[in-house]
Amino acid sequence: MIDSLQTRARTGGASLKRIVYTPEQIAERVREMGAEITNSYPEGEPILLLGLLKGSFIFMSDLAREIARPAQVDFLVASSYGSGTTTSGDVKLLYDPSAELKDRHVILVEDIVDSGTTINRLMPMLERRQPKSLELCALLHKHVAPNLVKEPRWVGFDAPKEFLIGYGLDHSEDFRNLPFIASLDA
Ligand code: PRP
């Protein structure tokens, strides 16, 4: 368990509202999710884990080690501003995965589904690359997106409608290294 002094050393004294998920709760759920994903693919079928940076970097590294199937790992970085689309409707990628998606089992790994904007822009673009299968795995789902193009197949936690930080999630780039997920005082 992380004590308040260790937390203070990581937050610089910023005031947290409450701890929403402890490191132990996260680790247990990530283990379960790894088993759920393992059981969803036949033995010997390779998987490509595609992590959306930056928010998914810690979740991805923990989850990948809980999946008992042959797996490769790649990442993508999508521009988050509204004008970041091309005329074809594609999302502008600041980093495009070098891995080929065609005819592969692909899992997009997200830290959080909030408004759904990110997923709604990315999934159609990835589908057009003709993967054998394409699924979404999200650690947190706020269930506020009015119409998601695809629901995550695996969700870690149905998250409260608060501003969440830690375990990869940031506020102005801070707090990603907190080992728990907390909500921030407004
Ligand atoms: C955050 C988060 C998700 C996205 C979810 O990313 O990591 O990718 O927002 O929100 P949405 O459902 O409303 O689109 P952000 O753009 O803040 O970049 P980051 O991953 O680098 O933190």
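Carbon and sulfur: what percent of the range 109-156's accessible surface (1.4 Å probe)?
C and S atoms contribute 45 percent here.
Can you give me the three principal axis dimensions of the chain from its C-alpha atoms, in Å, biggest first?
The Cα atoms of the chain stretch 49, 41, 29 Å along their principal axes.
Add -39500 (n - 2.57) for each DSSP H run of 4 or more in the chain, then divide by its residues: what number comes out at 222 nm, to the nearest 500 deg cm²/dmol?
Roughly -7500 deg cm²/dmol at 222 nm, from the helical runs in the chain.
Quick one: length gained pulling ASN177 to ARG10 fully straight, 0.36 nm per residue minus the C-alpha distance?
Values: separation 167, 0.36 × 167 = 60.12 nm, distance 0.74 nm.
Length difference between fully extended and current span is 59.4 nm.
Quick one: if the Förster radius is 25 Å, what FRET efficiency do GLU45 and GLU127 give, using the C-beta to C-beta distance and rounding to 0.05?
Details: r = 19 Å, r/R0 = 0.77.
Step by step, r from the Cβ atoms, then E = 0.85.
Compare THR22, THR117 by solvent-accessible area with a 1.4 Å probe and give them largest first, with all protein chains kept in place.
If we order THR22, THR117 from most to least accessible, we get THR117, THR22.
Tilt of helix 117-127 relative to the longest C-alpha principal axis of the chain, in degrees (0 to 90, nearest 10)?
Helix 117-127 and the main axis of the chain meet at about 30 degrees.
For the range 89-154, state which trypsin sites (Lys or Arg not before Pro) are in a DSSP loop and have at most 10 other beta carbons lying within 10 Å of their beta carbon.
Of the trypsin sites (Lys or Arg not before Pro), the ones in loops of the range 89-154 whose Cβ has at most 10 other Cβ atoms within 10 Å are LYS102.
For helix 23-40, what angle does its Cα long axis make with the longest principal axis of the chain, in degrees from 0 to 90 and rounded to 10?
Result, in degrees: 10.
Multiply the residue separation of VAL144 and VAL73 by 0.36 nm, subtract the distance between their alpha-carbon atoms, and state the gained length in nm to one decimal.
22.7 nm
Suppose we flag GluC sites (Glu not before Pro) only when DSSP calls them loop and at most 13 other Cβ atoms lie within 10 Å. Which is the longest uninterrupted stretch of the chain?
101-172
The values are calculated or read from the model by the stated rules, or taken from the named source; none is laboratory data. It should be emphasised that the depicted structure is a prediction, and the values quoted were computed from it without experimental measurement. Heads up, the Cβs are rebuilt from the backbone with ideal geometry, glycines too, and the neighbour counts pull from every protein chain shown. Heavy atoms of the whole protein, side chains included, go into the accessibility calculation; ligands, DNA and RNA do not. Shrake-Rupley method; radii C 1.70, N 1.55, O 1.52, S 1.80 Å.
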